[in-house]
């Protein structure tokens with residue numbers, strides 16, 4: 001075995017989706033990596049997936065288990081799409097079983113001794129020609145020793161023995177809690193690399209993150225990155241650090257689906273823009289999604305509508321009421337409507353599912369109704385990461401996106417969603433209720449539109465069976481956006497019109 005120090009460290013790609021990006025190529029070849037985390041954080045899945053991805057590319061593997069029996073491990077990973085039994089029959093996977101109830105079908109160690117264990121690992125590596133080894137978990141080994149000095153000595157012996165085999169190895173261990181960041185166990189000092197998996201509980205919501213704490217002799221991305229565990233996929237890391245500001249910027253205009261709104265926006269939306277529509281419940285946000293979709297299908301563009309508040313049947317009924325035939329659009333292959341309850345999965349899972357929908361259907365427009373529904377199942381940080389990732393994803397593909405957000409107050413104010421993503425979106429359209437003379441009216445204004453002049457007035461609009469109709473500005477009313485509309489005195493109106501030279 002050559003000395004890596006003399007030729008520079010080489011990386012072995014794990015092929016775990018997203019992880020190699022934050023690891024800048026993968027794990028250091030021929031070295032040991034500790035994967036540590038609290039119970040349920042995904043350590044065994046990571047260790048198994050590292051081997052499975054290697055086998056999928058022609059490698060062979062050894063799995064050393066101290067806690068779960070090989071039979072349990074085989075059963076547990078079937079949902080991930082990993083057929084360990086088939087790999088064993090092909091002589092590409094072998095267990096070294098040190099679990100409390102060893103199976104007769106596996107390679108079983110004798111009386112517990114690290115020297116004997118290393119011999120068994122070496123035998124397994126030679127037998128299948130393994131290049132990858134996973135050892136799960138070290139904590140079961142530690143219970144055999146009485147003091148930390150013995151643990152450190154025997155662990156050094158284990159790590160050195162594995163390195164001499166020339167394999168790239170993962171060792172797992174448990175941390176006391178996800179929040180105990182100052183915890184440093186002996187294995188973290190002995191191994192070459194340290195990866196921490198967390199599954200923390202924040203405001204009654206779980207958030208999975210991965211952090212590379214240490215990579216000896218090589219670089220890696222710093223900080224925590226969200227990840228999820230999916231059936232038939234395993235761990236999927238979502239690295240925001242991979243996002244680059246290299247998206248193209250189109251000057252081509254597309255219709256919003258409403259001629260009056262196109263006029264307010266200076267001729268329509270830009271082809272690759274992301275638009276946020278914010279307003280109270282009932283102000284017309286879903287209607288704007290419907291018209292946005294109708295404007296796309298009207299020029300034979302594929303459109304994807306993602307609903308998180310109303311069912312598919314409700315969206316179709318609403319569209320019929322506004323003169324839009326969603327059923328016909330679907331039959332023509334121009335529309336796909338996907339509705340999911342926000343609580344049905346974690347936010348990271350929603351993100352990956354949306355990306356799969358986009359990759360599969362290849363739409364020119366995507367409408368999300370609404371982001372506020374997704375926000376309630378996430379933490380503020382994970383929600384912002386979700387929006388950044390999704391907007392970057394659709395911008396890279398030059399897809400027009402329209403997102404809706406609900407304000408907490410009927411008459412105005414800013415939504416939490418709006419404050420989180422206002423700087424990320426290209427355009428912001430505000431919908432507001434206006435109370436005048438005991439009657440509730442609706443107002444609309446284009447608050448922001450990057451790269452284009454736009455109408456800055458707050459205009460009244462009506463909704464009927466043909467959709468939205470935008471009318472005259474509220475010239476005699478102030479305080480609409482603040483949620484405190486009031487009639488302006490005639491003298492004040494005259495002064496303002498004279499100051500800005502506005503025709504009455």
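Just how far, in whole angstrom, is the range 270-292 from the range 191-236 if you go by their alpha carbon centroids?
If you average the Cα positions of each part, the centres end up 35 Å apart.
Among 228, 32, which comes first, second and so on when ranked by fewest other beta-carbon atoms within 10 Å?
Listed from fewest to most nearby Cβ atoms, that is 228, 32.
Just the Cα atoms of the range 360-480, one point each, no solvent: what log10 I(q)/I(0) does Debye give at q = 0.11, 0.15, 0.17 Å⁻¹?
Debye intensities relative to I(0), on a log10 scale: -0.46, -0.82, -1.01.
Would you mind ranking 344, 41, 422 so that the residue whose beta carbon has the fewest other beta carbons within 10 Å leads the list?
344, 422, 41
Please work out the Cα center distance from the range 343-408 to the range 299-327, rounded to the nearest Å.
Their Cα centres are 18 Å away from one another.
Based on a Kirkwood Rh over C-alpha pairs, give the Stokes-Einstein translational diffusion coefficient of the range 253-474 at 25 °C and viscosity 0.890 mPa s in µm²/s.
141 µm²/s
For the range 296-311, list residues with backbone N below 20 Å from a point placed 7 Å from the Cα of residue 397 toward its Cβ?
In the range 296-311, the label zone of residue 397 (backbone N under 20 Å from the point 7 Å along Cα→Cβ) covers 296-308.
Using Cβ counts within 10 Å as a stand-in for footprinting exposure, how do 456, 214, 395 rank, fewest first?
Lowest to highest Cβ neighbour count: 456, 214, 395.
Modelling each spin label as a point 7 Å along the Cα-to-Cβ direction, I'd like the residue 300/residue 327 distance in nm, to one decimal.
2.5 nm
At each listed q (0.15, 0.28, 0.31 Å⁻¹), what is the log10 of I(q)/I(0) that the Debye formula gives for the range 305-361 modelled as equal alpha-carbon point scatterers?
-0.49, -1.14, -1.23
Post the alpha-carbon centroid distance, the range 29-61 to the range 424-475, in whole angstrom.
Their Cα centres are 54 Å away from one another.
Between residue 72 and residue 90, with labels modelled 7 Å along Cα→Cβ, what's the label distance in nm to one decimal, could you check?
2.7 nm
Every number in this text was worked out from the coordinates using simple rules, so none of it is lab data. The structure presented is a predicted model; accordingly, all values stated were derived computationally and were not measured. Here Cβ is always computed from backbone atoms with ideal geometry, including for glycine, and neighbour counts include all displayed protein chains.
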